[in-house]
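In what follows, a single structure is set out as structure tokens and then discussed.
The values are calculated or read from the model by the stated rules, or taken from the named source; none is laboratory data. Fair warning: this is a prediction, and the values are worked out from it, not measured in the lab. When we count neighbours, we look across all protein chains shown, and the Cβ atoms used for this are built from the backbone with ideal geometry, even at glycine.
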Amino acid sequence: MAPHARPFVTAAQGPRSRADAPGVLGRRRSHVFFLSIARGGSKWLTRVLEIATPVKARHEYLLNQDFFNGRAADKTTGSGFRDLVQDTGAVRRLLENGWTDMRLTGDVAEVNVHLPHVLDALCELFTDATLVHLHRHPVRIVASRMSR
């Protein structure tokens with residue numbers, strides 16, 4: 001785990017409740033990052049967060065905010081993602097730009113399969129963020145990929 005990360009679920013304590021998670025879901029501005037693998041339910045989780053909570057939930061927005069905001073940028077998490085991950089300056093710039101956007105919107109949850117690859121930079125910039133690692137049974141992931 002990155003040095004600044006605070007786990008939402010710990011092995012010793014079990015799941016922390018919303019009351020134990022500072023700032024989660026509306027009490028004060030917070031950033032929650034859900035880290036998962038592809039086909040792990042990230043789009044579904046984003047929809048649930050948008051519908052059921054006061055949090056502004058985003059699906060794979062960070063690292064792609066220029067693309068999603070219509071600034072004619074290439075989607076950085078496509079074929080060029082491997083090159084992006086190796087360019088720490090570009091990663092940091094994209095995360096900082098996302099930080100600026102998120103700071104203006106209050107509580108934010110980002111569900112993103114690409115963030116585990118830039119975790120060190122993410123934790124340096126979002127020092128008070130809560131990280132939630134999503135897990136899905138490998139058989140279900142394979143089945144999901146095969147059904148696409």
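Checked against (1) in contact with a strand residue (DSSP E or B) (Cβ under 9 Å, 6 or more places away or on another chain); (2) aliphatic (A, V, I, L, M); (3) more than 14 Å from residue 62 (Cβ to Cβ), residue 142 passes all but a single condition, namely (1). Looking only at residues of region 95-116 that are modelled with pLDDT of 85 or more and not aliphatic (A, V, I, L, M), we find that the one that is surrounded by the fewest Cβ atoms within 10 Å (Cβ to Cβ) is 116. Output the residues belonging to region 65-94 that are basic (Lys, Arg) and modelled with pLDDT of 70 or more. Residues satisfying the conditions are 82, 92, 93.
When residue 58 is tested against (1) modelled with pLDDT of 85 or more; (2) assigned to a helix (DSSP H, G or I), just one condition goes unmet, and that condition is (2).
Among residues of region 28-42 being surrounded by 13 or more Cβ atoms within 10 Å (Cβ to Cβ) and more than 19 Å from residue 124 (Cα to Cα), the one that is modelled with the lowest pLDDT is 40. Restricting attention to region 117-141 and to residues that are at pLDDT 80 or above and among the β-branched types (Val, Ile, Thr), the residue that is surrounded by the fewest Cβ atoms within 10 Å (Cβ to Cβ) turns out to be 139.
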